[in-house]
Amino acid sequence: MAQALAVETHGLTKRYRTGVLAVNDLDLRVRAGEVYGFLGPNGAGKTTTLRLLSGLLHPTSGTAMVAGASPGSPASLARMGAMVETPAFYPYLSGRDNLRVVARYAGVPKSRIEPVLKLVDLTDRARHKFKTYSTGMKQRLGVAAALLKGPDLLILDEPTSGLDPQGTMEMRALIKELKQGGRTVLLSSHLLNEVELTCDRVGVIAKGKLVAEGTVDELRARSGGRTLRIRATPLEQAQRSLESLLPEQVRVIDGSLILNVDHAQAASINRRLVSEGIDVSELRVDEQSLEDVFLQLTETPTLPSPATGGGEQR
Amino acid sequence: MIASFRAETLKARKRWANWILFGILMLTLLLFGYILSYVILKHPPRNFESPVPASVLIRAVFPENLLANVLSPTSTIGAAIMIILGGLSTASEFGWLTVQTILIQKPGRAAVLLGKLANLAVITFLVSVVALGSAALTSYLLVTIDGSSSSWPPVSVLLKGFGALWLELAVWTAFGMFLGIAFRSTAAAIGGGLTYLFVLEALIGQLLRETAGIKEVLRFLPGVNASAVNASFRLTFRSPNAGTQLVDATRGWIILMIYLVLFTILAIVIFQRRDVGGS
Ligand SMILES: Nc1ncnc2c1ncn2[C@@H]1O[C@H](COP(=O)(O)OP(=O)(O)OP(=O)(O)O)[C@@H](O)[C@H]1O
Ligand SMILES: [Mg+2]
């Protein structure tokens with residue numbers, strides 16, 4: 001197994017001029033040939049990190065190597081393709097002409113344009129102006145542009161955002177195909193099933209810090225693996241009762257009580273609730289979903305809008 | 001830089017706004033500067049009053065006065081058009097966020113900007129050639145229709161005049177381009193540039209040109225220096241509204257070249273250092 005690193009950062013930190021600490025002492029390692037999912041809630045610092053890796057932002061401190069060279073250097077850029085945040089193109093040019101412009105900048109022969117258009121299924125609309133494109137088409141043109149260079153490393157910021165189920169599935173298939181072709185893919189997402197389906201490894205970022213890293217299974221195992229899910233009425237009474245029995249182990253998600261306990265205790269817990277006159281309508285052992293793991297890892301006091309200034313660390 | 005130059009030419013060629021600006025420039029120059037001037041001066045209205053008779057003034061559109069007549073609108077409408085062109089070429093990239101798409105291709109930031117500059121240099125060159133060429137053709141047609149005789153300026157003067165035209169257009173383009181990068185907004189770049197041109201250079205420059213203290217500052221403004229260069233291409237008659245210049249033509253040439261270099265370097269320095277997609 002090749003253990004060469006496609007991306008490596010040490011203490012990467014970005015504080016915006018507004019004072020927001022968007023990326024905080026980040027150590028990221030993406031191995032060559034893998035699909036790495038960069039996961040985090042809104043405002044966690046995903047886009048900021050990807051901008052740093054593309055050389056669009058200058059880090060406040062820390063270092064990074066991307067595709068074997070420092071971010072933003074011609075050597076690094078030549079071997080990576082990226083789509084950061086939104087697909088940005090010239091509205092007055094057609095999709096094809098936009099790719100011609102990008103190809104000229106990248107020093108890539110024109111002959112690469114038709115194959116990538118075909119790959120993202122945009123050939124039919126390539127002669128239409130970019131400004132007439134739907135969100136999904138813009139997104140696909142963005143991916144096409146990132147692929148023009150035939151890059152070793154592909155950086156995609158939320159590649160499925162704005163895509164319909166069909167488009168999402170096609171995007172997943174494309175990412176798998178790219179991996180098969182030996183490319184490294186670093187993609188960001190706040191959708192868990194997305195990374196679960198496509199990524200070999202996942203890094204979870206919250207408030208600019210990497211809070212967990214590993215395969216999807218490792219992450220799941222790390223946070224207790226199995227849980228007990230209980231539906232009971234009245235809910236509050238049940239919660240109080242269980243909290244006194246198992247402090248710090250009880251959470252309420254979607255009107256259900258989630259307990260991080262050995263499922264062998266299920267019978268005794270049931271008995272206790274019933275003896276207190278609480279109706280138990282459901283009690284089952286849950287394989288903890290990645291969703292729960294994610295919420296647990298990135299848990300923050302609920303802010304009205306985490307995207308505005310939420311990155312500031314106390 | 002070659003790569004980014006090639007990309008820039010494609011973008012510039014396919015952009016309608018550029019062609020519209022070019023059209024406005026040519027229309028003003030040929031229609032107002034030549035054809036309408038000729039028609040009006042040929043048949044002056046009864047109340048036409050001027051220290052110089054219309055029959056003399058009309059010689060402005062004849063070949064002998066080619067350079068003076070082409071250069072005179074360069075400091076106003078020409079400057080305005082070129083500020084808009086230069087401003088659009090950089091500010092739009094920020095508005096559309098395409099600057100981000102460009103900078104993650106291969107060329108570094110300096111190369112990206114130098115490619116843009118090279119493209120603008122070519123555009124201003126072509127505009128100068130077409131403007132001077134079509135003006136020459138128009139003046140030839142007009143003098144033929146008129147049945148008068150006129151002679152072309154000597155080749156050395158023609159070349160120098162062409163150089164002045166290109167330099168002035170380039171300075172204003174570079175100014176617009178610099179503003180686009182500094183403000184990262186089309187509206188701010190164009191608004192700022194035109195306000196500077198028409199309020200500071202034209203209005204204050206005219207009103208306070210003899211005021212001590214302000215006069216010394218005016219002597220360093222690009223528009224004032226451009227006028228001095230333009231004035232050195234004299235009309236064959238004494239123009240009634242030819243004022244004295246604040247600086248001499250040689251100094252004008254030098255200051256304009258300094259401005260060209262200055263705007264270019266400033267634009268590159270700001271572009272190099274600034275974060276993209278952040279502030
Ligand atoms: N240009 C900027 N200037 C100041 N602060 C910024 C800027 N861009 C982002 N931020 C802040 O940095 C933090 C991280 O933002 P970032 O866009 O990296 O998050 P994200 O993980 O990509 O979020 P999302 O999932 O919503 O795309 C946020 O608090 C955001 O408000
Ligand atoms: Mg983002």
Inset, instruction - Can you confirm whether the range B:244-263 contains a residue that is surrounded by fewer than 20 Cβ atoms within 10 Å (Cβ to Cβ) and among the aromatic types (Phe, Trp, Tyr)? - result: yes
Inset, instruction - For the range A:176-202, enumerate the residues that are of a type in the set (Ser, Thr, Tyr) and within 15 Å of A:Phe294 (Cβ to Cβ). - result: A:Ser188, A:Ser189
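Mind listing just one residue for me: the one in the range B:190-210 that is among the small types (Gly, Ala, Ser) and in contact with a Gly (Cβ under 7 Å, 6 or more places away or on another chain) and, of those, surrounded by the most Cβ atoms within 10 Å (Cβ to Cβ)?
As a first pass, look at the range B:190-210 and keep what is among the small types (Gly, Ala, Ser): B:191-193, B:202, B:205.
Add one more test, that the residue is in contact with a Gly (Cβ under 7 Å, 6 or more places away or on another chain), and what stays is B:193, B:205.
Values: B:Gly193: 25, B:Gly205: 20.
Checking each candidate, the answer is B:Gly193.
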Inset, instruction - Quick one: which residue in B:Gly115, B:Gly161 is closer than 25 Å to B:Val56 by Cβ, modelled with pLDDT of 90 or more and surrounded by 22 or more Cβ atoms within 10 Å (Cβ to Cβ)? - result: B:Gly161
Inset, instruction - Could you tell me which residue of the range A:248-262 is modelled with the lowest pLDDT, considering only residues that are more than 17 Å from A:Pro234 (Cα to Cα) and open to solvent by 80 Å² or more (accessible area, probe 1.4 Å)? - result: A:Asp262
Inset, instruction - With a cut-off of at least 1 residues that are without any contact (Cβ under 8 Å) to a residue 60 or more places away in the chain, name the strands (runs of 3 or more DSSP E) lying wholly within the range A:138-255. - result: A:209-214, A:226-233, A:250-253
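Given the options B:Arg46, B:Arg13, B:Arg59, name the one that is among the basic types (Lys, Arg) and either surrounded by 17 or more Cβ atoms within 10 Å (Cβ to Cβ) or closer than 23 Å to B:Phe183 by Cα (or both).
Numbers: B:Arg46 fails: either surrounded by 17 or more Cβ atoms within 10 Å (Cβ to Cβ) or closer than 23 Å to B:Phe183 by Cα (or both); B:Arg13 fails: either surrounded by 17 or more Cβ atoms within 10 Å (Cβ to Cβ) or closer than 23 Å to B:Phe183 by Cα (or both).
So the residue among B:Arg46, B:Arg13, B:Arg59 that is among the basic types (Lys, Arg) and either surrounded by 17 or more Cβ atoms within 10 Å (Cβ to Cβ) or closer than 23 Å to B:Phe183 by Cα (or both) is B:Arg59.
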Legend entry - Of residues in the range A:37-75 being at the interface with another protein chain (Cβ under 8 Å from one of its Cβ atoms) and out of contact with any Asp or Glu (no Cβ under 9 Å at 6 or more places or on another chain), the one surrounded by the most Cβ atoms within 10 Å (Cβ to Cβ): A:Thr48
Legend entry - Top-ranked residue of the range A:138-171 - restricted to ones that are farther than 17 Å from A:Thr86 by Cβ and away from chain B (no Cβ under 13 Å), ranked as nearest to ligand 1 (Cβ to nearest atom): A:Thr168
Inset, instruction - Determine the pairs where a residue that is more than 7 Å from every other protein chain (Cβ to nearest Cβ), located within the range B:1-12, has a partner that is open to solvent by 60 Å² or more (accessible area, probe 1.4 Å) with Cβ atoms under 6 Å apart, the partner being 6 or more residues away or on another chain. - result: B:Met1/B:Leu114
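I'd like to check which strands (runs of 3 or more DSSP E) are fully inside the range A:1-112 and have at least 2 residues that are more than 16 Å from ligand 1 (Cβ to nearest atom) and of a type in the set (D, E, K, R). Break it down into steps so the answer makes sense when it comes.
Details: elements: A:5-15, A:21-26, A:29-31, A:35-39, A:61-66, A:80-83.
Ranges flagged: A:29-31.
Do we find that B:Ala187 is open to solvent by less than 60 Å² (accessible area, probe 1.4 Å), under 18 Å from B:Ala79 (Cα atoms), part of a helix (DSSP H, G or I) and of a type in the set (Gly, Ala, Ser) in this structure?
On the way: open to solvent by less than 60 Å² (accessible area, probe 1.4 Å): no; under 18 Å from B:Ala79 (Cα atoms): yes; part of a helix (DSSP H, G or I): yes; of a type in the set (Gly, Ala, Ser): yes.
Judged against the criteria, B:Ala187 is not a match.
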Inset, instruction - Test each condition in (1) open to solvent by less than 60 Å² (accessible area, probe 1.4 Å); (2) hydrophobic (A, V, I, L, M, F, W, C); (3) within 22 Å of the chain's Cα centre (by Cα) for B:Leu142 and report the one that comes out false. - result: (3)
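Which count do you get for residues in the range B:87-127 that are over 24 Å from A:His58 (Cβ atoms) and not β-branched (Val, Ile, Thr)? Please lay out each step first, then the result.
Kept after step one, since they are over 24 Å from A:His58 (Cβ atoms), are these residues of the range B:87-127: B:87-89, B:118-127.
Okay, now just the ones that are also not β-branched (Val, Ile, Thr), so B:87-89, B:118-121, B:125-126.
Of the residues in the range B:87-127, 9 are over 24 Å from A:His58 (Cβ atoms) and not β-branched (Val, Ile, Thr).
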Inset, instruction - For B:Leu29, indicate whether it is touching a Ser or Thr at 6+ places or on another chain (Cβ under 8 Å) and within 14 Å of another protein chain (Cβ to nearest Cβ). - result: no
Legend entry - Single unsatisfied condition, B:Ser128 versus (1) under 13 Å from the mean Cα position of the chain (by Cα); (2) more than 29 Å from B:Arg274 (Cβ to Cβ); (3) touching a residue at least 60 places away in the same chain (Cβ under 8 Å): (3)
Inset, instruction - Starting from the range A:11-28, take each residue that is within 14 Å of another protein chain (Cβ to nearest Cβ) and list its partners that are of a type in the set (D, E, K, R) and buried (at least 17 other Cβ atoms within 10 Å of the Cβ), counting only C-beta distances under 8 angstrom and pairs at least six apart or across chains. - result: A:Leu21/A:Lys14; A:Leu21/A:Arg15; A:Ala22/A:Lys14; A:Ala22/A:Arg15; A:Val23/A:Lys14
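Restricting to the range B:138-173, what's the tally of residues that are over 29 Å from B:Leu221 (Cβ atoms) and touching a residue at least 60 places away in the same chain (Cβ under 8 Å)? Explain how you work it out, then say what you get.
First pass over the range B:138-173, keeping only residues over 29 Å from B:Leu221 (Cβ atoms): B:138-152, B:154-155.
Right, trim to touching a residue at least 60 places away in the same chain (Cβ under 8 Å) and you get B:138-140, B:142-143, B:146, B:148, B:150-152.
Summing the residues that are over 29 Å from B:Leu221 (Cβ atoms) and touching a residue at least 60 places away in the same chain (Cβ under 8 Å) in the range B:138-173 gives 10.
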Legend entry - So A:Asp286, is it modelled with pLDDT of 70 or more and in contact with a Pro (Cβ under 9 Å, 6 or more places away or on another chain): no
Legend entry - Complete set of residues in the range A:117-137 that are within 14 Å of another protein chain (Cβ to nearest Cβ) and buried (at least 20 other Cβ atoms within 10 Å of the Cβ): A:Phe130, A:Tyr133
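If you take the residues in the range B:96-112 that are within 7 Å of chain A (Cβ to nearest Cβ) and in contact with a helix residue (DSSP H, G or I) (Cβ under 7 Å, 6 or more places away or on another chain), which one is most open to solvent (accessible area, probe 1.4 Å)? Lay out the reasoning, then the answer.
Of the residues in the range B:96-112, the ones within 7 Å of chain A (Cβ to nearest Cβ) are B:96-98, B:100-108.
Filter once more, keeping what is in contact with a helix residue (DSSP H, G or I) (Cβ under 7 Å, 6 or more places away or on another chain): B:101-108.
Numbers: B:Thr101: 21, B:Ile102: 10, B:Leu103: 12, B:Ile104: 9, B:Gln105: 8, B:Lys106: 87, B:Pro107: 17, B:Gly108: 24 Å².
By that ranking, first place goes to B:Lys106.
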Inset, instruction - Check the range A:84-100 and report whether any residue there is buried (at least 24 other Cβ atoms within 10 Å of the Cβ), in contact with an Asp or Glu (Cβ under 8 Å, 6 or more places away or on another chain) and either more than 8 Å from chain B (Cβ to nearest Cβ) or within 30 Å of A:Leu122 (Cα to Cα) (or both). - result: yes
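State whether the residues of the range B:48-60 include one that is more than 16 Å from B:Phe237 (Cα to Cα) and either basic (Lys, Arg) or more than 19 Å from the chain's Cα centre (by Cα) (or both).
Keep residues of the range B:48-60 that are more than 16 Å from B:Phe237 (Cα to Cα), which gives B:48-49.
Filter again for either basic (Lys, Arg) or more than 19 Å from the chain's Cα centre (by Cα) (or both), leaving B:48-49.
Within the range B:48-60, one or more residues are more than 16 Å from B:Phe237 (Cα to Cα) and either basic (Lys, Arg) or more than 19 Å from the chain's Cα centre (by Cα) (or both).
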Inset, instruction - Scan the range A:120-134 and give yes if some residue there is under 26 Å from A:Leu192 (Cα atoms) and of a type outside the set (Gly, Ala, Ser), otherwise no. - result: yes
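Residue-by-condition table, conditions (1) away from ligand 2 (no atom under 16 Å from the Cβ); (2) more than 20 Å from B:Ala111 (Cβ to Cβ):
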site: A:Val20; (1), (2): no, yes
site: A:Gly37; (1), (2): no, yes
site: A:Gly45; (1), (2): no, yes
site: A:Thr49; (1), (2): no, yes
site: A:Thr60; (1), (2): yes, yes
site: A:Met65; (1), (2): yes, yes
site: A:Gly72; (1), (2): yes, no
site: A:Leu77; (1), (2): yes, no
site: A:Val108; (1), (2): yes, no
Inset, instruction - Spot the failing condition for A:Gly203; the list is (1) closer than 20 Å to A:Leu26 by Cα; (2) modelled with pLDDT under 90; (3) within 16 Å of ligand 2 (Cβ to nearest atom); (4) surrounded by 22 or more Cβ atoms within 10 Å (Cβ to Cβ), and only one is missed. - result: (2)
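So which helices (runs of 4 or more DSSP H) stay within the range B:204-279 end to end and still have 1 or more residues that are basic (Lys, Arg)? Show your work before the answer.
Numbers: elements: B:214-218, B:222-231, B:249-273.
Answer list for the range B:204-279: B:214-218, B:249-273.
The values are calculated or read from the model by the stated rules, or taken from the named source; none is laboratory data. All values derive from a computational prediction rather than experimental measurement. Positions of Cβ are generated from backbone atoms using ideal geometry, with glycine treated the same way; all protein chains shown enter the neighbour counts. Heavy atoms of the whole protein, side chains included, go into the accessibility calculation; ligands, DNA and RNA do not. Shrake-Rupley method; radii C 1.70, N 1.55, O 1.52, S 1.80 Å.
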